[in-house]
């Protein structure tokens, strides 16, 4: 079981020149029930955020980056964020374990279980089967990682997981092959499915065979576990997409390249633009909780919203902010 780290062990705060922290006053507008933090952290050189995720077991929020895994400060958010989880006490972004592997694909697969992929850190190149990490997992909050499968073979640029009656299904985008891969045994063995130049994957938590992919042609959907994909009629051209919990109406939420946030409540419903972000999304996730929280990373930093992008609370900001 993951432990909640009030004083994170194996985690170091970045110092210059890697990450400069400043206390700032002010933030983006916050909606009702979403108090703005009195200060935010500023990142100066952390770049290439490939994934975001929040663990309902520990209350920790993660950013997967070119410089390893980071804890993101969220303690200024209201109790509806990860409602029922321990409250984060992190005041600033901190790099976990001092490890700088290039985390390309990342997901909180289940409470207490992180899955990732990418490339090993330069200091670990003798310890991993190069050049790709394959699928790795962590049950201690990214302090350590265990190889699961495909070491040295596969670099998953995106990962999505869904529980099934007899285990867990994991979808991955194999960047080298340009195809969707599927595992029905929690990532131990894999089958190649459709070849598809995609940007982002999302799986329907109520229907494990239904998976969505954003492409240059538009949002696509598969109802046969990634074997074939077809365009979703009437969908906006999304860059990133996530499935919404049934508690919040199910359906999808996504962001287009111009920064517009779109919501579809149920697959047969029309799409509604609900908000905007200030830049082009780099990473995006649905968190849920007592409100329909979402997280986004763009060139302005990392921000959270409890109203599908109508208002945002900055968690980490870029230096120019």
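Values in this text are rule-based calculations from the coordinates and carry no lab data. Everything numeric in this text was worked out from a predicted model, so none of it was measured. With ideal geometry, Cβ positions are generated from the backbone for all residues, glycine too; neighbour counts draw on all protein chains shown.
Remarks
- Using R0 = 45 Å, the C-beta based FRET efficiency linking residue 231 and residue 146 works out to 0.75.
- Highest mean packing comes first when the peptides 228-234, 206-212, 79-85 are listed by Cβ atoms within 10 Å, giving 206-212, 79-85, 228-234.
- Label-point gap, in nm, between residue 192 and residue 80 - each point 7 angstrom along Cα→Cβ: 4.6 nm
- Using the average count of surrounding beta-carbon atoms within 10 Å as a protection proxy, the listed peptides 146-158, 102-114 rank, highest first, as 102-114, 146-158.
- Share of Cα-Cα pairs in region 244-321 lying beyond 22 Å, as whole percent: 19 percent
- Percentage, to the nearest whole number, of Cα pairs in region 11-317 over 24 Å apart: 49 percent
- Inter-label distance, residue 164 to residue 278: 4.3 nm, where each label sits 7 Å from its Cα along the C-beta direction.
- Ordering 271, 145 by the number of other Cβ atoms within 10 Å of each residue's own Cβ, fewest first, gives 271, 145.
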